[in-house]
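What follows is calculated from the coordinates using simple rules that are stated; it is not laboratory data. What you see is a predicted model, and the numbers here were worked out from it, not measured in a lab. Glycine gets a Cβ as well: all are built from the backbone with ideal geometry, and neighbour counts include every protein chain shown.
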Amino acid sequence: MERQQIQTYLNSNKERFLNELLDLLRIPSISARAEHKSDMNKTADAIKQRLIEAGADKVEICQTKGYPVVYGEKIIDPSKPTVVVYGHYDVQPADPLDLWDSPPFEPVIKKTEVHPEGAIFARGSCDDKGQMYMHVKAFEIMMKTNTLPCNVKFMIEGEEEVGSPSLGPWIIENKEKLKGDIILISDTSIIANDIPSIDSGLRGLAYMEVEVTGPNRDLHSGVYGGAVANPVNILCKMIASCHDENNHITVPGFYDKVQELSAEERAEMAKAPFNLEDYKKDLDINEERGEKGYSSNERTGIRPTLDVNGIWGGYTGEGAKTVLPSKAFAKISMRLVPNQSSKEISDLFIKHFESIAPKSVKVKVTAHHGGEPVVVPITSKGFLAASKAMEETYGKKPVPTRSGGSIPIVALFKKELGMDSILFGFGLDSDALHSPNEHYGVFNYYKGIETIPLFYKYFTV
Ligand code: BES
Ligand code: MN
Ligand code: MN
């Protein structure tokens, strides 16, 4: 009955729901770039308007030290449960721009092999405007069809892609306002459009920047080359030494606190479908690679990693300039698993990296933002409600999975607000998040909107 009402409302509003999302995607809300400050505020204003139109009360733009949080709520009965929806309206920078087939902030809908019904190509379509906006539309449906079964609070932030520096302090100052029973987030992926899944964990993050200095100035590489340390050569060697021949990380103490899974848990995890051939084809690689003794899903789900995100130094312009550079730099991130701590791992890395530097260079290591790993219980009421909701709309029980990505604020929701999060994502890993040609399936968008009200229903009973 309710499902029918939801379907009918959705069907007669599909085009508007899509166009409203396209409008949001036209605003380049890149949190990492200061020149987009006005776009950030414009996006926050637009979301505020949409929440009001959908029927939320007390909708406000909450200022923080950084970009604002959009808040709104609908309290139908204080004795009923409260779902707190989290999402982010900021997006990653779009560059390299020349690798986009269409401009990143001019959304277009195109069919792909994975998305025969069409996908919306735009920065932020999947991560996270498209997934966040499903919640606004699901709320509208519940309001307009009189089927909202419990209370709801929205908290949509603008700094997730830069590590949520202001949201942590903001939730601590607003504990009373944010009181609720569960955090609901759509900012992760399912396995495939015919294989629904729900993440039961996220990895943490420790992000470092290193600077290696050799001679006090760039030198003629013929006059000095061979007699003076080249910081780029040395940095490459130092980075290469951080993995051994089995792709284990060599930083002393790195694995000390890693929670090992039991054989049963690993066997359970191995049930999640994974098609290696599709995986390789999507990425155009001949072979996967990772830590010895683990499957691809384990390598991203339950094992920590160390990766270079960027490396530079010396001459990188047109043609050839013969130079022995004075400095070399790299940005190195480590993804963490339970029970590693971002601060402890950062400290171990700094100590190790300084210790392996030869005397011929100086090394400076600084830590950027980080975040703690999380696991959510798969037997909780919230997880079961999410599972039932997906089972109903996909016709299949979703598989519990562990995600390799990070949403640093989720650990703080637990620590500061005492609430677990349900990672109710509807995107696909192949949707090119953070890459050129990011897209989000139109099927996924509507499926999310249709499934979310069922979560409320099953969470409330
Ligand atoms: N939505 C992603 C995280 C994600 C993507 C989780 C896909 C699971 C599947 C989020 O916006 C993100 O990109 N997080 C960053 C962390 C942040 C500190 C920049 C990440 O994981 O790199
Ligand atoms: Mn995201
Ligand atoms: Mn992201």
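What the table shows:
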quantity	calculated
Distribution of pairwise C-alpha distances over region 182-284, 10 Å bins, in %	9, 22, 27, 21, 12, 8, 0
Spread of Cα-to-Cα distances over 10 Å intervals beginning at zero, given as percent, for region 98-249	7, 20, 24, 22, 15, 9, 3, 1
Beta bridges per DSSP with both ends in the chain, % antiparallel, nearest 5	70 percent
Dimensionless Rg/Rh of region 1-155 - Kirkwood Rh, Rg from C-alpha atoms	1.00
Residue-count net charge about Asp218 - beta-carbon cut-off 10 Å; Lys, Arg +1, Asp, Glu -1	+3
Angle between the chain longest axis and helix 442-460 axis [Cα atoms, degrees, rounded to 10]	60 degrees
Ranking of His115, His368 by count of other Cβ atoms within 10 Å, fewest first	His368, His115
Hydrodynamic radius (Kirkwood) for the chain, which is based on Cα pairs only, to one decimal in Å	23.6 Å
Packing rank of 127-137, 232-242, where each peptide gets the mean count of other beta carbons within 10 Å, highest leading	127-137, 232-242
Base-10 log of normalised Debye intensity for region 268-421 (one unit scatterer per alpha-carbon) at q = 0.09, 0.20 Å⁻¹	-0.48, -1.37
√(5λ) per eigenvalue of the Cα gyration tensor, region 216-334, largest first, Å	39, 18, 10
Estimated Rh, region 41-113: Kirkwood, alpha-carbon pairs, angstrom	15.4 Å
Mean Cβ neighbour count within 10 Å, used as a protection proxy, ranking 452-458, 187-193 highest first	452-458, 187-193
Alpha carbon convex hull of region 358-412, volume per residue in cubic angstrom	142 Å³
Compactness of region 179-231 as Cα Rg over 2.2 N^0.38 Å, two decimals	2.52
Relative compactness, region 339-461, computed as alpha-carbon Rg over 2.2 N^0.38 Å	1.46
Region 393-461-region 324-390 distance, computed between alpha-carbon centres (Å)	23 Å
Formal net charge of residues neighbouring Thr305 (Cβ-Cβ distance under 13 Å; K, R +1; D, E -1)	+2
Å³ per residue enclosed by the Cα convex hull of region 1-66	109 Å³
Computed P(r) (all Cα pairs; region 325-376; 10 Å bins; percent)	20, 46, 24, 9, 1
Over 26 Å between alpha carbons, listed pairs Lys292/Lys388; Lys58/Lys397; Lys257/Lys388; Lys65/Lys144; Lys14/Lys153; Lys48/Lys381	Lys292/Lys388; Lys58/Lys397; Lys257/Lys388; Lys65/Lys144; Lys48/Lys381
For region 85-133, diffusion coefficient by Stokes-Einstein and Kirkwood Rh (Cα), 25 °C, 0.890 mPa s, µm²/s	210 µm²/s
Between helix 231-240 and the chain: long-axis angle, C-alpha atoms, 0 to 90°, nearest 10	60 degrees
Contact order normalised by residue count of the chain, Cα under 8 Å, 6+ apart, percent	25 percent
Å³ per residue enclosed by the Cα convex hull of region 135-208	158 Å³
Highest-first arrangement of 382-390, 217-225, 51-59, 314-322, where packing means the average Cβ count within 10 Å	382-390, 51-59, 217-225, 314-322
